[in-house]
Each structure stands twice: as structure tokens, then as C-alpha cells.
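The values are calculated or read from the model by the stated rules, or taken from the named source; none is laboratory data. Computed from a predicted structure; not experimentally measured. Cβ: placed from backbone, ideal geometry, glycine included. Neighbour counts: every protein chain shown.
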Amino acid sequence: MPRPKIPRYVSAYPVIAAFVPHGQSANGEVLLSVEELEAIRLSDFEHLDQETAARMMEVSRHTYGRILGNARSRVAEALVTAKALKIGGGNYELRGMGRRLRRRGGRRRGF
């Protein structure tokens with residue numbers, strides 16, 4: 001049985017849902033998950049190093065690097081092959097919005 005995926009934390013849901021090539025019909029579509037967009041935002045827009053960005057998303061640095069690599073590959077595919085880039089889906093939670101307490105072992109006391 002595979003291990004359940006832990007949600008990645010993102011700062012906000014994207015304001016747009018897709019990018020479509022201008023001036024010609026799209027040759028298909030590429031799906032970019034919300035956590036992949038967040039990885040691109042943190043590394044390429046905010047210019048954070050992978051260690052800091054991984055801590056913000058609450059994943060290991062190795063996992064963050066894998067997410068970022070997949071995201072960059074999908075964006076490149078959409079740009080080079082003139083495909084629509086759709087943003088949505090994935091396994092994520094919004095940072096600060098009813099966040100559950102992450103602790104190792106034991107139960108939360110006093111409640």
C-alpha cells in the first residue's frame with residue numbers, strides 16, 4: 001500500500017486558471033498543479049533558495065526540487081509546443097487557513 005501524500009502548503013490560490021497561446025489555436029493542454037505553480041513562484045519569482053522554499057511549503061528539499069523540476073518541464077512543454085497551460089488540482093492546503101497542528105507522535109493536550 002503506498003504511503004499517503006502529505007499536502008504541500010501554498011500561500012494563495014492562483015488568480016488565473018489558464019494561459020492560452022495568443023494568435024493561434026492551442027495544440028492541446030498541459031496541466032500545472034497549484035503546488036507546482038507555488039514552487040515556480042517561490043524559486044523564480046521570489047528568488048528564494050530551495051531550502052527556504054521547501055520549508056515554506058513544508059516538504060523536504062529533495063521533494064521541493066522534484067516538484068520544481070516537474071513544474072519547469074511542464075511550463076517549457078506548453079511554451080515550446082504552443083499548448084494551453086491550465087492551472088489547478090494537486091495536493092495542497094492554503095497556508096494559515098485553518099491549518100492543522102503538525103506534531104510528531106502523541107496527542108494535543110489540554111483539549
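Which members of the range 1-12 meet the condition of being surrounded by 14 or more Cβ atoms within 10 Å (Cβ to Cβ) and at pLDDT below 90? Selection gives Pro7 alone. Scanning the range 23-52 for residues that are assigned to a loop (DSSP other than H, G, I, E, B) and either at negative phi or in contact with a Ser or Thr (Cβ under 7 Å, 6 or more places away or on another chain) (or both) yields Gln24, Ser25, Ala26, Asn27, Ser33, Glu46, Leu48, Asp49. Contact annotation: residue pairs with Cβ atoms under 6 Å, 6 or more positions apart or on different chains, pairing a residue in the range 36-50 that is free of Cβ contacts under 8 Å to residues at least 40 places away in the same chain with a partner that is β-branched (Val, Ile, Thr) and in a helix (DSSP H, G or I), are Ala39/Ile67.
Scanning the range 30-37 turns up no residue that is modelled with pLDDT of 90 or more, more than 14 Å from Gly89 (Cα to Cα), surrounded by 13 or more Cβ atoms within 10 Å (Cβ to Cβ) and in contact with a helix residue (DSSP H, G or I) (Cβ under 7 Å, 6 or more places away or on another chain).
Scanning the range 78-95 for residues that are part of a loop (DSSP other than H, G, I, E, B) and either without any contact (Cβ under 8 Å) to a residue 60 or more places away in the chain or of a type in the set (Lys, Arg) (or both) turns up Thr81, Lys83, Gly89, Arg95. Do the conditions hold for Tyr9, that is, is it under 19 Å from Gly88 (Cα atoms) and either acidic (Asp, Glu) or not in a helix (DSSP H, G or I) (or both)? When the stated conditions are applied, Tyr9 passes them. Screening the range 13-29 for residues that are among the aliphatic types (A, V, I, L, M) and surrounded by 14 or more Cβ atoms within 10 Å (Cβ to Cβ) and picking the one that is nearest to the chain's Cα centre (by Cα) gives Ala18. With respect to the conditions (1) over 17 Å from Leu94 (Cα atoms); (2) in contact with a His (Cβ under 9 Å, 6 or more places away or on another chain), Glu77 lacks only one, and its number is (2). The requirement of being outside any helix (DSSP H, G or I), surrounded by 15 or more Cβ atoms within 10 Å (Cβ to Cβ) and within 10 Å of the chain's Cα centre (by Cα) is fulfilled nowhere in the range 53-70; no residue meets it. Scanning the range 74-97 for residues that are loosely packed, with under 12 Cβ neighbours inside 10 Å and modelled with pLDDT under 95 yields Val80, Gly96, Met97.
Quick one: in the range 71-94, of everything that is among the hydrophobic types (A, V, I, L, M, F, W, C) and under 13 Å from the mean Cα position of the chain (by Cα), which residue is nearest to Pro4 (Cα to Cα)? Among those that are among the hydrophobic types (A, V, I, L, M, F, W, C) and under 13 Å from the mean Cα position of the chain (by Cα), it is Leu94.
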